[in-house]
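Written below as structure tokens is the structure these notes are about.
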Amino acid sequence: MLTDQQEILLIAIALTELSIHCERVDPELSSEAWQLAADRLVDHDVGLAPTSNQIQLLFDE
């Protein structure tokens with residue numbers, strides 16, 4: 001079972017992946033996905049240091 005913070009990180013990672021993969025095909029969608037990922041992290045007060053630690057924990061499970 002994921003914690004709320006881990007769930008937020010997974011969604012942000014997925015949106016970032018989407019942004020990267022559709023950058024050439026649909027720049028507007030890419031930009032929107034990137035902004036949604038950033039907004040989600042800011043809205044839930046997820047900082048960079050905890051993020052890198054939490055991402056590692058996601059892959060260790």
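Taken together, the values in this text are just the output of simple stated rules run on the coordinates, not laboratory data. Since this is a predicted model, take the numbers as computed values, not measurements.
Key figures
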{"read-out": "Gained length - GLU7 relative to ASP39, 0.36 nm times residue gap less alpha-carbon distance", "value": "10.1 nm"}
{"read-out": "Segment SER31-THR16, length gained on full extension (0.36 nm per residue, minus Cα span)", "value": "4.4 nm"}
